[in-house]
Amino acid sequence: MKTIAVVAGGNSSEYGISVQSARGVAEALNGRYNLYIINIKGNNWYWEDAKGRLYSIDRNDFTLVTDDVRVRFDAVFIAIHGTPGENGLLQGYLDMTGIPYTSCDAFVSALTFHKQACKLYLNEYGIPMSGGLLIRKGDHYDQGKILKQIGLPCFVKPNASGSSFGVTKVKKEEEFDEAMDKAFAEGHEVLVESFMKGTEVACGVVRTKQRKIVMPVTEIVPRKEFFDFEAKYAGGLSDEITPARLPDDVTARIQELASDIYDILGCKGIVRVDFIVTADGPQFLEINTVPGMTGESIIPRQAAVFGISLPDLYSMVIEDLF
């Protein structure tokens, strides 16, 4: 039986969601592998046993040192949202230690985590999307010029984060500076994007050497202003409808774009691609290369509608590493 580390935690606001995702993955894979949930936060990398005792990871070779044995892992299932699990840092480290892992490689992870760089890259391939401006902390910015170019309402968001932390829908000029401060609290770069009127949707994609699965499309109907953190994870604040209530040709176009984006970027493992369906058709919003795996997450729901169990889905990406 293979020994798998499910890494959780991380150094961003998504820490708690990541821990939930890792637990969901471990529960699904229980009995198929020897599983260890490895918590990573800063320089503190550890496994907690059933009695609450903590054992450190030797970061020289990513082995687990317990009282009587040194555990060596056959592979790593990455369940860290945000840094260092979704931006390429952990992937680069694992590449150096020679341990295979279940997500995109270091370059693709870094590219996709940088929202504006990813959009510019995909724009070269003709992927439809809205316009946006990148502003770095410390830069002087002219609010009037930005809003004249982008328009109102608009979205102000951290350029490198997830779960909608630090995101604001700005409807009035006087809300802009506060929204910028909120976004800068999550990182040193902020993306200001034009508002797209339409329906938000998401489509999961997974590919292995044997097969490629394009999941059913999920329609997201938030009961708040937009699909923010609370709407994502608090019960009753959004409806996530799978399959989406869209015409067949629109659904097919979303799935085609999601599949194309996966291939253009050179993704690996399970990803989720988000779009806004406007009057002009689906517009790319962003891609998540380590999507949520909690009970409230979209990928597990899409897998159920598609007809693949979570143990089979997660095992599929693990076994593809060997």
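One table, with the values for the structure above:
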| read-out | value |
| --- | --- |
| Burial ranking of peptide ranges 139-151, 109-121, 89-101 (average Cβ count within 10 Å, highest at the top) | 109-121, 89-101, 139-151 |
| Most to least packed among 258-265, 300-307, 199-206 [average Cβ atoms within 10 Å] | 199-206, 258-265, 300-307 |
| By average C-beta atoms within 10 angstrom, highest first, the peptides 76-88, 6-18 | 76-88, 6-18 |
| Relative contact order (%) - the chain, alpha-carbon pairs under 8 angstrom, separation at least six | 17 percent |
| C-alpha center-to-center spacing [the range 90-126, the range 300-322] in angstrom | 21 Å |
| The range 263-296-the range 136-204 distance, computed between alpha-carbon centres (Å) | 19 Å |
| Rounded to whole Hz, the Karplus (6.51, -1.76, 1.60) HN-Hα couplings of the range 291-302, x for glycine and proline | x, x, 10, 7, x, 8, 7, 6, 4, x, 5, 5 |
| The chain, helix-only ellipticity at 222 nm - DSSP H runs n ≥ 4, -39,500 (n - 2.57), divided by all residues, nearest 500 | -9000 deg cm²/dmol |
| All lysines inside 24 Å of LYS197 as judged from Cα atoms, apart from same-chain residues fewer than 8 positions distant | LYS115, LYS119, LYS145, LYS148, LYS157, LYS169, LYS171, LYS172, LYS182, LYS224, LYS232 |
| ³J(HN,Hα) computed for each position of the range 121-133 - Karplus, 6.51 cos²θ - 1.76 cosθ + 1.60, integer Hz, glycine/proline x | 5, 5, 4, 5, 9, x, 6, x, 6, 8, x, x, 10 |
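Where a number appears in this text, it was derived from the coordinates with a stated rule and is not lab data. What you are looking at is a predicted structure, and each value in this text was computed from that prediction instead of being measured. Please note: Cβ atoms are built from the backbone with ideal geometry, for glycine as well, and neighbour counts cover all protein chains shown.
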